[in-house]
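Trainee: Quick one: the structure is below, questions incoming.
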Amino acid sequence: MSDVTSVFVISVAAQMAGMHPQTLRQYDRLGLVTPERTGGGGRRYTPRDVELLREVQRLSQEEGVNLAGIKRVIELEHQVEALQARVQELHEQLARTEANVLASLRRDLVPIPKTALVVWRPENTLER
């Protein structure tokens with residue numbers, strides 16, 4: 001199976017997103033949606049780019065968010081995605097570490113659960 005990702009020229013991406021190609025150019029200049037470029041400088045939009053264009057349009061038209069706000073929302077969403085990926089990496093690393101620790105435990109030692117230590121001191125009956 002091929003590992004080829006679909007890409008669209010600006011006119012097709014604009015039609016798919018329900019926008020004018022000039023709007024896509026503006027969003028590119030503002031850094032809202034940054035498509036890949038060909039050697040000649042032509043924009044190539046992925047399906048993910050088209051979804052992002054639709055989200056920009058939704059935030060603008062339905063939610064009334066201005067373009068600066070939309071840019072910030074997109075930045076924060078990217079940060080969240082990166083943090084979620086990092087958390088997943090740490091969970092996997094923790095699981096590997098736990099497996100390694102369990103594998104290295106000496107079988108002749110028995111772990112003792114955490115317990116409270118109570119110190120009993122008899123009352124000194126002479127001090128009364």
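The values are calculated or read from the model by the stated rules, or taken from the named source; none is laboratory data. What you see is a predicted model; the values in this text were computed from it and never measured. Cβ placement follows ideal geometry from the backbone for every residue including glycine, while neighbour counts extend to all protein chains displayed.
Trainee: Against the definition (touching a Pro at 6+ places or on another chain (Cβ under 7 Å) and surrounded by fewer than 16 Cβ atoms within 10 Å (Cβ to Cβ)), how does Ser104 come out, yes or no?
Mentor: no
Trainee: Considering the range 74-98 alone, what residues qualify as being under 28 Å from Phe8 (Cβ atoms) and exposed (fewer than 15 other Cβ atoms within 10 Å of the Cβ)?
Mentor: Hits for the range 74-98 are Glu75, Leu76, Glu77, His78, Gln79, Val80, Glu81, Ala82, Gln84, Ala85.
Trainee: Note down all Cβ pairs under 6 Å where the first residue falls in the range 51-70 and is under 14 Å from Gly31 (Cβ atoms), the second is assigned to a helix (DSSP H, G or I) and among the small types (Gly, Ala, Ser), and they're at least six residues apart or on different chains.
Mentor: Leu53/Ala17
Trainee: Continuing with this model, one more query. Condition test on Thr38, is it surrounded by 14 or more Cβ atoms within 10 Å (Cβ to Cβ), of a type in the set (S, T, N, Q) and either under 23 Å from Ile70 (Cβ atoms) or over 26 Å from the mean Cα position of the chain (by Cα) (or both)?
Mentor: For Thr38, the condition - surrounded by 14 or more Cβ atoms within 10 Å (Cβ to Cβ), of a type in the set (S, T, N, Q) and either under 23 Å from Ile70 (Cβ atoms) or over 26 Å from the mean Cα position of the chain (by Cα) (or both) - is not met.
Trainee: On the given criteria, is Arg43 in contact with a Pro (Cβ under 9 Å, 6 or more places away or on another chain), free of Cβ contacts under 8 Å to residues at least 40 places away in the same chain and either within 27 Å of Phe8 (Cβ to Cβ) or loosely packed, with under 14 Cβ neighbours inside 10 Å (or both)?
Mentor: yes
Trainee: While we're looking at this one, here's another question. Going residue by residue through the range 14-23, is there one that turns out to be touching a helix residue (DSSP H, G or I) at 6+ places or on another chain (Cβ under 9 Å) and in contact (Cβ under 8 Å) with a residue 40 or more places away in the chain?
Mentor: yes
Trainee: Among the residues of the range 34-89, which ones are β-branched (Val, Ile, Thr), assigned to a loop (DSSP other than H, G, I, E, B) and at pLDDT 95 or above?
Mentor: Thr46, Val65
Trainee: Now, a different point. Residue check, Gly31 against (1) surrounded by fewer than 14 Cβ atoms within 10 Å (Cβ to Cβ); (2) free of Cβ contacts under 8 Å to residues at least 40 places away in the same chain; (3) within 21 Å of Ala68 (Cβ to Cβ), all met but one. Which one?
Mentor: Answer for Gly31: the failing condition is (2).
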